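The values are calculated or read from the model by the stated rules, or taken from the named source; none is laboratory data. Computed from a predicted model, the values in this text were never measured in an experiment. A quick note on method: Cβ atoms are made from the backbone with ideal geometry, for glycine too, and the neighbour counts reach across all protein chains shown.
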Amino acid sequence: MQYYCGTNSFSVKHNPFILPGSTTHYARDRDYDIQHVRLDLVVDPEKKRLEGTAHLTLKPITENVTRLEFDAVELEVKEVKLSDNKNGSGSRKANYENTGRKIIVYLDKALKTADNVTVSIRYSGQPRRGLYFVGPDKAFPKKPYQVWTQGEDEDNRYWFPSYDYPNDRTTSEVIVTVPDKYMAVSNGALVETKDDKARGLKVFHWKQDIPHVNYLVSLVVGEYSVSKESVDGVELQYYLPKGREEEGKRSFEKTGQMIRFFSEYFGVKYPYPKYAQVVVSDFIFGGMENITATTLTDTTLHDKRAHLDFTSDDLVAHELAHQWWGDLITCRDWSHAWLNEGFATYSEVLFKEHDLGRDEAAYYQMHDLELYLEEDKERYRRPIVSKTYMNPGELFDRHLYEKGGLVLHALRNYLGDENFQKGLKHYAEKYREKVVETNDFRRTLEDVT
């Protein structure tokens, strides 16, 4: 590669992105379609205890299926049952094998594509990934007890059996029993809560009716102060540590503006009846765009003095934009994950332009460019769509986020605002509740322009 500056040129040798032992990955083959996931869980934050039953309702997509494989890492399986009913009634025991990474269920009859079956897997575990128990220790004796999950990329398999890959979409519900002083927050609508005063427990039943990929299933358990507001028919929910309500208002004060702006700019209204932002301790990322229920680090909360120099707006905008780009529409395999992260990074700049003007947005965009170029120069260069890697987490880099966003800015500048917005609207409408590859977006822009 040659870089030119005036009449001089110099060569730069880039380090390889592909590591020894990497393999080429394509969208995963499957022989069934999961239609609904229901998790019945018992979680105790202080005892660090997880028990549950995963009810997986599915339909074969090939004929004569005699066994089913589910992703499940280091879970202790107690029992597996089969039922021809979604609610698991009329169930019968099934033979199974637990390899430590897969649960293989052997069916009592071959399934046809016209059949439906519900597989109920009763299990327990102390997950090392995917679900995290947080609590006080010697260094931080006042740290609250909490439980929170982080599914992306393929870590939900550590806390419930599933088909844990983004080329399948399913509805879901989470029914979780916790000690009665805690709240449990999950995806979708809160169907009901039930008190078991005799045992000091409380049951929360959440249900998500719009299909989504597996890594977006989430759960947070903790003691929270909850506030709500309504914006254009969407209920905004804020779950904040008790005593930090004012910091929460300050950090998330522009959420309503963002929902209105993105709905108008993308041409598709915010697609769910609620949007929750749940703050947790010791979160391993800044935020995670779980469908209708984003999890956020408590380090984004800040006081009035810090607000002069610090803002949560970029994080909030990024995770909110994912509700369209990543949740409503999701990459079919990880090599195309820029369709999630590049779009959300682009959306950060969009809102900044709307809120603070083009100069502020251009400065922020320049920072994105510097971050990408630094990685390109100091670490490696790779195509945005890269199929050869060891694990999907390697792809979540400056090429995926910042360069992905910069490509969208370049397309916007080349096509013009009107054509580019038409393209986004058509893309969102055409692939709503579907999984996509980069060519789907390319063809959409070609059709519109």
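Of all residues assigned to region 405-416, none qualifies as being under 30 Å from Thr170 (Cβ atoms) and without any contact (Cβ under 8 Å) to a residue 40 or more places away in the chain. Screening Gly52 with (1) touching a Lys or Arg at 6+ places or on another chain (Cβ under 8 Å); (2) surrounded by fewer than 15 Cβ atoms within 10 Å (Cβ to Cβ) gives one miss only, at (2).
For (1) of a type in the set (A, V, I, L, M); (2) over 22 Å from Thr170 (Cα atoms); (3) touching a helix residue (DSSP H, G or I) at 6+ places or on another chain (Cβ under 8 Å); (4) touching a residue at least 40 places away in the same chain (Cβ under 8 Å), each residue gets a yes or a no:
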residue	(1), (2), (3), (4)
Ala54	yes, no, no, yes
Ile61	yes, no, no, yes
Asn64	no, yes, no, yes
Val80	yes, no, no, yes
Tyr96	no, yes, no, no
Ile103	yes, no, no, yes
Val119	yes, no, no, yes
Leu131	yes, no, yes, yes
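Return the residues of region 369-388 that are closer than 20 Å to Glu437 by Cβ and either of a type in the set (A, V, I, L, M) or surrounded by fewer than 20 Cβ atoms within 10 Å (Cβ to Cβ) (or both); say none if nothing qualifies. Passing the criteria: Pro383, Ile384, Val385, Lys387, Thr388.
What number of residues within region 138-153 satisfy the criterion of being surrounded by fewer than 21 Cβ atoms within 10 Å (Cβ to Cβ) and within 20 Å of Asn340 (Cα to Cα)? Please lay out each step first, then the result.
Taking region 138-153 first, the residues surrounded by fewer than 21 Cβ atoms within 10 Å (Cβ to Cβ) are 138-145, 153.
Imposing the further condition that a residue be within 20 Å of Asn340 (Cα to Cα) reduces the set to 153.
Here the count works out to 1.
Confirm whether Val147 is in a strand (DSSP E or B) and touching a Leu at 6+ places or on another chain (Cβ under 8 Å). Walk me through it before giving the result.
Values: in a strand (DSSP E or B): yes; touching a Leu at 6+ places or on another chain (Cβ under 8 Å): yes.
When the stated conditions are applied, Val147 passes them.
If the condition is being of a type outside the set (D, E, K, R) and surrounded by 15 or more Cβ atoms within 10 Å (Cβ to Cβ), then region 343-363 contributes Phe343, Ala344, Thr345, Tyr346, Ser347, Val349, Leu350, Phe351, His354, Ala361.
Suppose we keep only residues that are under 17 Å from Gln365 (Cα atoms) and in a helix (DSSP H, G or I) within region 297-315. Which one would you say is farthest from the chain's Cα centre (by Cα)? This residue is Asp313.
Applying the criterion of being within 23 Å of the chain's Cα centre (by Cα) and touching a residue at least 60 places away in the same chain (Cβ under 8 Å) to the residues of region 178-191, the residue that is surrounded by the fewest Cβ atoms within 10 Å (Cβ to Cβ) is Ala189. If you go through region 192-223 and pick out every residue that is under 22 Å from the mean Cα position of the chain (by Cα) and without any contact (Cβ under 8 Å) to a residue 60 or more places away in the chain, you end up with 5.
Residues that are in a helix (DSSP H, G or I) and either surrounded by 17 or more Cβ atoms within 10 Å (Cβ to Cβ) or in the same structural domain as Arg169 (by TED's automatic domain parsing) (or both) within region 427-445 comprise Tyr427, Ala428, Asp440, Phe441, Thr444, Leu445, listed in sequence order.
Within region 300-324, restricting attention to residues that are touching a residue at least 12 places away in the same chain (Cβ under 8 Å) and β-branched (Val, Ile, Thr), the residue that is surrounded by the fewest Cβ atoms within 10 Å (Cβ to Cβ) is Thr300. Criterion applied to Tyr158, Tyr165, Tyr182 was being more than 27 Å from Leu339 (Cβ to Cβ) and among the aromatic types (Phe, Trp, Tyr), and the one residue passing it is Tyr182. Would you check which residues across region 332-382 are part of a loop (DSSP other than H, G, I, E, B) and without any contact (Cβ under 8 Å) to a residue 12 or more places away in the chain and list them? Hit for region 332-382 is Gly357, nothing else. If you go through region 92-114 and keep only what is in a loop (DSSP other than H, G, I, E, B) and surrounded by 15 or more Cβ atoms within 10 Å (Cβ to Cβ), you end up with just Ala94. Against the numbered list (1) part of a loop (DSSP other than H, G, I, E, B); (2) touching a residue at least 12 places away in the same chain (Cβ under 8 Å); (3) within 20 Å of Asp313 (Cβ to Cβ), Tyr165 comes up short only at (3). All of Asn413, Asn391, Asn340 fail the test of being exposed (fewer than 15 other Cβ atoms within 10 Å of the Cβ) and within 20 Å of Lys425 (Cα to Cα), apart from Asn413.
With respect to the conditions (1) in contact (Cβ under 8 Å) with a residue 60 or more places away in the chain; (2) over 18 Å from Arg128 (Cα atoms), Glu46 falls short on a single one, namely (2). Scanning region 226-282 for residues that are in contact with a Ser or Thr (Cβ under 8 Å, 6 or more places away or on another chain), assigned to a strand (DSSP E or B) and of a type in the set (D, E, K, R) returns a single hit, Lys274.
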